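J.: Got a structure for you, questions after.
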Amino acid sequence: MKIVVLTGMSGAGKSLAAQYLEDMGFFCVDNLPPQILPELVRTFVKGPGGEGLAIQDLAFVIDVRSADMFSGIGPALCAVEEMGVPCRIIYLEAADQTLINRYKETRRNHPLAREIGLREALTLERSRLEPIKDLAGDVVDTTNMAPSDLRDYLYKLLSEEGSENRMSILVQSFGFKYGIPIDSDNVIDVRFIPNPFYRPELRPLSGLDAEVREHVLGQEETREFMDRLDRLLSYAIPYYIRKGKVRLNLAVGCTGGRHRSVVLAEDLARRLRAHGLKVAVDHRDLENDPRKGHGTPA
């Protein structure tokens with residue numbers, strides 16, 4: 001289990017950082033009163049009945065929004081340490097003028113600036129946060145960081161995998177006669193490939209059957225197309241990752257979503273996994289046609 005305590009100055013980017021941690025697979029709890037941190041960790045480690053909750057990565061956002069309760073952060077962290085659970089503290093800060101500018105842009109209130117000015121509130125906040133800053137293993141100054149810079153920093157800090165594993169890819173086969181998947185990022189039309197539907201012995205089968213797979217992949221145009229598609233995606237995907245995209249939907253379509261698109265979705269997934277990418281496959285319309293090959297072309 002991996003536990004991160006995300007803390008620091010208000011306006012330094014904790015909410016944005018929490019979103020990035022969620023994209024990395026962390027279960028995030030925001031604005032947590034420190035006193036209940038040990039009990040929450042104990043629950044996630046053992047589960048309500050001692051069986052565990054199958055959650056490996058936890059992130060807790062703790063800051064001065066917890067007001068007087070924030071004073072309990074020291075004992076809470078000690079209690080977690082006594083459980084033998086590794087806990088990493090990441091402290092975000094920024095220069096006062098940067099924080100003031102950010103508050104002016106968002107027009108939000110600082111949690112301590114109810115009866116004092118913003119600059120005085122920042123001074124008070126720094127004073128209250130000093131003890132936990134001293135405990136932090138990572139102090140991140142976001143003064144000159146763009147959101148993408150913070151994202152990349154956190155990935156390097158916490159991810160045990162390569163940068164290519166930031167993104168999850170869904171390769172989804174579908175039939176055009178049922179409509180294009182509404183969440184597709186790229187639509188790959190493979191209807192130009194010879195259709196197994198017109199082979200009576202293949203018509204009742206699907207793209208998951210060896211006979212159909214061999215027929216589709218045995219076409220010269222299929223092999224050439226898949227090689228070119230492989231090169232195209234190998235070139236483009238690193239740039240998707242650089243832009244911060246964490247999910248990519250590749251929709252592979254034929255007429256009915258039963259033969260060609262199924263074969264090529266599986267082949268594309270195999271090729272992408274060979275590049276070290278995380279890939280899931282879904283055959284949306286494989287069983288959509290109750291006639292299963294006895295009607296219109298697939």
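Each reported figure results from applying straightforward, stated rules to the coordinates on display, with no laboratory input. All of these numbers come straight from a predicted model, not from anything done at the bench. FYI the Cβ positions are ideal-geometry reconstructions off the backbone, even for glycines, and counts take in every protein chain you see.
J.: Each residue of segment 19-32 in turn: what ³J(HN,Hα) in whole Hz from Karplus with 6.51, -1.76, 1.60 and θ = phi - 60°, glycine and Pro shown as x?
T.: Listing the rounded values in order: 4, 5, 5, 4, 4, 7, x, 6, 8, 9, 10, 9, 6, 8 Hz.
J.: Report ³J(HN,Hα) in whole Hz for each residue of segment 101-113, in order, from the Karplus equation J = 6.51 cos²θ - 1.76 cosθ + 1.60 where θ = phi - 60°; Gly and Pro get x.
T.: 4, 5, 5, 5, 5, 8, 6, 9, 8, 6, x, 9, 9
J.: Can you give me the Rg/Rh ratio for the chain, using Cα atoms for both radii and the Kirkwood formula for Rh?
T.: On the way: Rg = 25.9 Å, Rh = 22.7 Å.
Result: Rg/Rh = 1.14.
J.: What ³J(HN,Hα) values, in whole Hz, does the Karplus curve 6.51 cos²θ - 1.76 cosθ + 1.60 give for segment 125-133 when θ = phi - 60°, with x put for Gly and Pro?
T.: 5, 4, 5, 5, 8, 3, x, 6, 5
J.: Round to the nearest 0.05 the FRET efficiency obtained for LYS156 and ASN109 when R0 = 45 Å and r is the Cβ-Cβ distance.
T.: On the way: r = 33 Å, r/R0 = 0.74.
The pair LYS156/ASN109 has a calculated efficiency of 0.85.
J.: Further question: Calculate how large, on average over all directions, the projected area of the Cα convex hull of segment 164-283 is; give the answer in nm² to one decimal.
T.: Details: hull surface 27.8 nm².
Averaging across all directions leaves 6.9 nm² for the Cα convex hull.
J.: Limiting things to C-alpha atoms, what are the Rg and the maximum Cα-Cα separation (Dmax) for segment 186-242, in angstroms?
T.: Here Rg and the maximum Cα pair distance are 14.3, 47 Å.
J.: Considering lysine pairs in the chain that are 8 or more places apart or on different chains, how many have Cα atoms under 24 Å apart?
T.: 18
J.: Same structure, new question: How large is the charge dipole for segment 2-160, taken about the Cα centre, if only the Cβ atoms of Lys, Arg (+1) and Asp, Glu (-1) carry charge, to the nearest 20 debye?
T.: So the magnitude is around 340 debye.
J.: Now for a different question. Dividing the convex hull volume of the Cα atoms of segment 2-160 by its residue count, what figure in Å³ per residue is obtained?
T.: On the way: hull volume 17.7 nm³, N = 159.
In segment 2-160, the Cα convex hull volume per residue is 111 Å³.
J.: Between exposed GluC sites (Glu not before Pro) in the chain, where DSSP calls loop and at most 11 other Cβ atoms lie within 10 Å, what's the longest gap?
T.: Values: sites that count: GLU51, GLU115, GLU160, GLU161, GLU201, GLU287.
In the chain, the maximal stretch lacking such sites is 202-286.
J.: Do the sum for the chain: with -39,500 (n - 2.57) for every DSSP H run of n ≥ 4, divided by all residues, what is the mean residue ellipticity at 222 nm, to the nearest 500 deg cm²/dmol?
T.: Calculated mean residue ellipticity at 222 nm is -12500 deg cm²/dmol.
J.: What are the chymotrypsin sites (Phe, Trp or Tyr not before Pro) within segment 182-232 that DSSP puts in a loop, where the Cβ has at most 16 other Cβ atoms within 10 Å? Could you put the intermediate results ahead of the total?
T.: Numbers: sites: PHE192, PHE197, TYR198, PHE225; in loops: PHE192.
Taking segment 182-232 and a limit of 16 other Cβ atoms within 10 Å, the loop chymotrypsin sites (Phe, Trp or Tyr not before Pro) found are PHE192.
J.: Would you mind ranking ARG114, ARG247 so that the residue whose beta carbon has the fewest other beta carbons within 10 Å leads the list?
T.: Numbers: ARG114 8, ARG247 13.
Lowest to highest Cβ neighbour count: ARG114, ARG247.
J.: Amide H of ASP57 versus every other amide H placed in the peptide plane: which residues, excluding those fewer than 5 positions away on the same chain, fall under 5 Å?
T.: Amide H neighbours of ASP57: LYS2, PHE27.
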